[in-house]
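Each remark here refers to the structure printed beneath this line.
The values are calculated or read from the model by the stated rules, or taken from the named source; none is laboratory data. In this text the structure is predicted, and so the values were computed from the model without any measurement. Glycine also receives a Cβ, built like all others from the backbone with ideal geometry; neighbour counts cover every protein chain displayed. For accessibility, only protein heavy atoms count, side chains too; no ligands or nucleic acids. Shrake-Rupley method; radii C 1.70, N 1.55, O 1.52, S 1.80 Å.
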Amino acid sequence: MKVIVVGCTHAGTAAVVNIKEEYPESEIVVYEKNDNISFLSCGIALSISKVVTEPEKLFYNSPKGLEDLGIKTNMKHEVLDIDFINKKVKVKNLIDNEILEDTYDKLILTLGSWPIVPKFEGGELENIVLCKNYDHAKTIINKSKDAKNVVVIGAGYIGVELAEAFKIQGKNTILIDAEDRIMSKYLDSEFTDIAEQIFTEKGVRLELGQKVEKFEGKDGKVSKVITDKNEFESDLVVLCIGFKPNTQLLKDKIDMLPNGAIMIDEYMRTSAKDVLAAGDCCVVKYNPANDTRYIPLATNAVRMGTLIAKNLIEPKLKYLGTQGTSGIKIYDLSIASTGLTEEMANTTTKFNVGSVMVKDNYRPEFMPTFEEAILKLVFDKDNHKILGGQIISKIDLTQFMNTLSVVIQNEMTLEELAVTDFFFQPHFNKPWSLLNIAALEAIK
Ligand SMILES: Cc1cc2nc3c(=O)[nH]c(=O)nc-3n(C[C@H](O)[C@H](O)[C@H](O)COP(=O)(O)OP(=O)(O)OC[C@H]3O[C@@H](n4cnc5c(N)ncnc54)[C@H](O)[C@@H]3O)c2cc1C
């Protein structure tokens, strides 16, 4: 069996390593247009703030690592076209520009995503950069050495983490977003208010509710960001506006959403015969709303990549969908969320949405130290199913959201969560878990 894999970062690496384990006799050929594999972009902000000393530490595999497993790993090779009928791929060697053809029995599409870059006047100026891969990481780290005024555009998780990192490095940092709140897709205002307050205290300038219109430059380099409300001096701009699936080469050849995300079934199979797909290039089943959404996350990518190996020959192990669970640390605040926020539930679903907030110290007050935790539960008032949750504290209580993710995946109700068994030990918590308390409060 010959397997061709197009794209090899997280989904691709998970797929090939697991296919080789499940089917040692298979011939696996990787085509990757970059010169590296498995780069963890989640560490870019950490290497700007020097928590991670160099970005080279952010790899967990390498082309050599795959070759050692017997996987033919063609780096700097871009797949230009796919003939799904004759099972052929057309590939360009990006080093010598040679075009070659290859054939497959099974094809794996792990093409990932690329940052959304709107057409801005002045967008071609130097020092306006993206933040996605290893090359971007090196560019940002290099350029930020001499930058004084850094503007981050887009206040999602990535923009927020970068803003903190630049500020820690002593830069004048401005975070711009068209929305009125930072991280508005993942957290409700009770949580973003706290996060915004800490950013303001630390001196990060939040410029929200305004749209970037253009950039101005001096000597070919960006010098100003102009929005519909204001203008900001800037010698480095990072665009963090969002991601789109990297699937242009599949247009009109395979079933996709209008945004280009590949439709797959629960066994990772696409609409083309013997073609499976995983990761940021695909749609995912979103359990809280019982629909499909585009949620590009490394967690989904590695899980789906692994499932490709399990289901390569026949459907064996189902994908259970996602709650889009995520976490972030901002200064000393540990924050996590899972499922729908109250705002997202109200704006993107027809559920009869209810919510409850609990505030309590995470462990007994007789302990030498304790910290406040705030937990929110979002639920459907009609059937009492849990739809989402968020937590914030100076103590790392983020695992509560992983627990809640399981609760949502299994369609549990408030009544069930209220009396679910959780351990108690004064070092860690109180006799009633915050999750029990929130659910009890909701059914009062
Ligand atoms: C700054 C940042 C921070 C993040 N932090 C987190 C986090 O904390 N937690 C989390 O879960 N997720 C995080 N993510 C998201 C996560 O990185 C992505 O979900 C993940 O990279 C998706 O993996 P993937 O393999 O599906 O796609 P990608 O990482 O996009 O990889 C796709 C690969 O395909 C290759 N390719 C594409 N087209 C072709 C072609 N035609 N021919 C050959 N090769 C091709 C590309 O070069 C690339 O290597 C973060 C992302 C960024 C950018």
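So, R0 is 45 Å and r is the distance between the beta-carbons of residue 169 and residue 318; what FRET efficiency does that work out to, to 0.05? Don't skip to the answer; put the middle values down first.
Values: r = 45 Å, r/R0 = 1.00.
Given R0 = 45 Å and the Cβ-Cβ separation, E is 0.50.
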Rounded to the nearest 20 Debye, what is the dipole magnitude of the chain about its Cα centre when Lys and Arg each give +1 and Asp and Glu each give -1 at the C-beta?
320
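Can you give the direction-averaged projected area of the convex hull of the alpha-carbon atoms in region 1-133, in nm²?
Details: hull surface 41.3 nm².
Answer in nm², one decimal: 10.3.
Determine the per residue accessible area of region 284-341 with all protein chains present and a 1.4 angstrom probe, expressed in square angstrom.
Details: 2170 Å² over 58 residues.
I get 37 Å² per residue for region 284-341.
Any of 202/329; 167/394; 119/145 with alpha carbons more than 23 Å apart? Name them for me. Don't skip to the answer; put the middle values down first.
Working: 202/329 15 Å; 167/394 20 Å; 119/145 27 Å.
Over 23 Å apart, Cα to Cα: 119/145.
Estimate the FRET efficiency between residue 394 and residue 67 by the formula 1/(1 + (r/R0)^6), using the beta-carbon distance for r and 51 Å for R0, to the nearest 0.05.
Numbers: r = 46 Å, r/R0 = 0.90.
The computed FRET efficiency comes out at 0.65.
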Here the percent of antiparallel bridges among DSSP beta bridges lying wholly in the chain, to the nearest 5, is 60
Principal axis dimensions, region 307-352 - Cα atoms, whole angstrom, descending:
45, 34, 10
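With all pairs of different alpha carbon atoms counted, what Kirkwood hydrodynamic radius in Å does region 230-338 show?
Its Kirkwood hydrodynamic radius stands at 15.8 Å.
Assuming R0 = 51 Å, what is the FRET efficiency of residue 124 and residue 428, from their Cβ-Cβ distance, to the nearest 0.05? Please report the intermediate quantities before stating the final value.
Numbers: r = 53 Å, r/R0 = 1.05.
The pair residue 124/residue 428 has a calculated efficiency of 0.45.
Express the relative contact order of region 369-431 as a whole percentage, based on alpha carbon pairs under 8 Å and six or more residues apart in sequence. Numbers along the way, then the final one.
Working: 68 pairs, mean separation 16.6, N = 63.
Relative contact order, region 369-431: 26 percent.
Under the definition of Cα pairs under 8 Å and six or more residues apart, what whole-number percent is the relative contact order of the chain? The partial results should precede the final answer.
Working: 1002 pairs, mean separation 58.0, N = 444.
Reported as a whole number, the value is 13 percent.
What ranking, highest mean first, results for peptides 195-208, 127-140 when packing means the other Cβ atoms within 10 Å averaged over each residue? Don't skip to the answer; put the middle values down first.
On the way: 195-208: 16.2, 127-140: 19.3.
With the highest mean Cβ count within 10 Å placed first, the list reads 127-140, 195-208.
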Packing-wise, with mean Cβ within 10 Å as the measure, how do 1-14, 165-178, 431-444 rank, highest first?
1-14, 165-178, 431-444
Suppose all protein chains stay in the model; what accessible area per residue would a 1.4 Å probe give for region 203-261, in Å²?
52
Stretch residue 211-residue 116 to full length: gain in nm at 0.36 nm per residue minus the Cα-Cα span?
32.7 nm
Classify the chain from the C-alpha gyration tensor, please: rounded if a/c falls under 1.5, else prolate or oblate depending on whether a/b exceeds b/c.
oblate
Only helices counted: for the chain, with every DSSP H run of 4 or more residues adding -39500 (n - 2.57) and the sum spread over all residues, [θ] at 222 nm is -7000 deg cm²/dmol
Work out from phi, with θ = phi - 60° and the Karplus expression 6.51 cos²θ - 1.76 cosθ + 1.60, the ³J(HN,Hα) of each residue of region 432-444, listed in order in whole Hz, and give x for Gly and Pro.
9, 5, 4, 5, 4, 4, 5, 5, 4, 4, 5, 9, 4
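Of 20/138; 50/376; 285/350; 90/310; 138/185, which pairs sit farther than 25 Å apart, going by alpha carbon to alpha carbon? Provide the component values of the computation, followed by the final result.
Values: 20/138 32 Å; 50/376 33 Å; 285/350 17 Å; 90/310 27 Å; 138/185 28 Å.
Exceeds cut-off: 20/138; 50/376; 90/310; 138/185.
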Name the residue from 140, 197, 237 whose Cα lies farthest towards the positive end of the charge dipole of the chain, charges +1 on Cβ of Lys and Arg and -1 on Cβ of Asp and Glu.
140
Residue 54-residue 349 pseudo-label distance in nm [points 7 Å out on the Cα-to-Cβ vector]:
4.7
With every protein chain in place, region 389-444: carbon and sulfur % of accessible area (1.4 Å)
57
If every Lys and Arg gets +1 and every Asp and Glu gets -1 at its Cβ, then about the Cα centre region 290-339 yields a dipole, in debye to the nearest 20, of 160
HN-Hα couplings for region 92-107 via Karplus (6.51, -1.76, 1.60; θ = phi - 60°), in whole Hz with x for Gly/Pro, come out as 10, 6, 6, 8, 10, 6, 5, 9, 10, 10, 9, 10, 9, 8, 10, 10
Tell me the carbon and sulfur percent of the accessible area for region 261-334, rounded to whole percent, probe radius 1.4 Å.
56
Pull up all non-local amide H partners of residue 353: gap of 5 or more, or a different chain, and H-to-H distance under 5 Å with H placed in the peptide plane.
381
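If 428, 84 are ordered by their accessible area, calculated over protein heavy atoms with a 1.4 Å probe, which sequence runs from highest to lowest?
Numbers: 428 120, 84 35 Å².
Descending accessible area places them as 428, 84.
What percentage of the solvent-accessible surface of region 78-141, computed with a 1.4 Å probe over protein heavy atoms, is contributed by carbon and sulfur atoms? Walk me through the numbers on the way to the answer.
Numbers: 1620 of 3270 Å².
So the carbon and sulfur contribution to the accessible surface is 50 percent.
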